[in-house]
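Trainee: First the structure, which I've put down as structure tokens, then a few questions once you've had a look.
Read-outs throughout are calculated quantities, based only on the coordinates presented, and are distinct from any laboratory measurement. It should be emphasised that the depicted structure is a prediction, and the values quoted were computed from it without experimental measurement. Positions of Cβ are generated from backbone atoms using ideal geometry, with glycine treated the same way; all protein chains shown enter the neighbour counts.
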């Protein structure tokens, strides 16, 4: 990951930490967009990584689209569709990453930043964090479809129509984030949760995330049938057999990811 310039990569104990680092407010520049997509695609195929923590450097998680840079990349026919495609693929790279992604919201996550958070698997916020859709003030639409996975009908429309920002404590009250911590405790809390996930069978967590993504838009009957089929596949893995042996022998399992 030495080729990244606006994204920091750290790895320890099966946990990959990705830090958005595009000062001053981590706006989603073309470079950051493409680097985040690339890093997550790589991580999907890195057996040593079992879970990802995504956070931002400084006081802002991501202030949204890079409006200044946008003018430089959208100049002629075809530029806008191409730009839109790259942007949505960045969000899909988070959701479709083979490894669970914990989003540690260190500050405001606006527009594109909210879409990143909504594309993650687990959200944790600091007291300084907030989620918002400010596009109404700049003549654009934001990631409302992504936000629908987090907010109720009325709250989402209020956010979109007024630019309302929802602070970390309220996000926790609503059950949108798992915890609201002090700024100092945010990353330790995220890493602690990541450590719990990393201790599980990587086959089970990978297939579990994939299954949840697939069944999200299915009917109850079809979705549960698919989940049962995936359960049958997991049960045939070495990790599943190891988990059963460890349970019977009253010891901690040693997973190999096979």
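Trainee: With contacts defined as alpha carbon pairs under 8 Å and 6 or more residues apart, what's the relative contact order of the chain in percent?
Mentor: 16 percent.
Trainee: For n ≥ 4 DSSP H runs only, could you compute -39500 (n - 2.57) per run for the chain, divide by its residues and tell me the 222 nm figure to the nearest 500?
Mentor: -15000 deg cm²/dmol
Trainee: Mind checking the log10 I(q)/I(0) for the range 88-132 at q = 0.18, 0.29 Å⁻¹? Debye, one equal scatterer per Cα, no solvent, two decimals.
Mentor: Per q value, in the given order, log10 I(q)/I(0) is -0.47, -1.03.
Trainee: For the range 1-31 and the range 222-258, compute the distance between their C-alpha centroids and round to whole Å.
Mentor: 33
Trainee: Additional query: Please give the direction-averaged projected area of the C-alpha convex hull for the chain, in square nanometres with one decimal.
Mentor: With every direction weighted equally, the projected area is 15.4 nm².
Trainee: Quick one: check the C-alpha center-to-center distance for the range 109-182 versus the range 34-55, whole angstrom.
Mentor: The distance from the Cα centre of the range 109-182 to that of the range 34-55 comes to 23 Å.
Trainee: What's the extension gain from residue 137 to residue 224 if we count 0.36 nm per residue and subtract their Cα-Cα distance?
Mentor: So the extension gain works out to 27.1 nm.
Trainee: Restricting attention to the alpha-carbon atoms of the range 187-258, what are Rg (one decimal) and Dmax (integer), both in Å?
Mentor: 14.3, 40
Trainee: Ratio of Rg to Rh for the range 163-217, alpha carbon only, Kirkwood?
Mentor: On the Cα set of the range 163-217, Rg over Rh gives 1.09.
Trainee: Another question, then. Of the beta bridges DSSP finds with both residues in the chain, what % are antiparallel, to the nearest 5?
Mentor: That works out to approximately 30 percent antiparallel.
Trainee: Sorted by packing (mean other beta-carbon atoms within 10 Å per residue), highest first, where do 121-131, 137-147 land?
Mentor: Averaged packing, sorted descending, gives the order 121-131, 137-147.
Trainee: Please pull out the direction-averaged projected area of the range 81-182, using the convex hull of its alpha-carbon atoms, in nm² to one decimal place.
Mentor: 6.4
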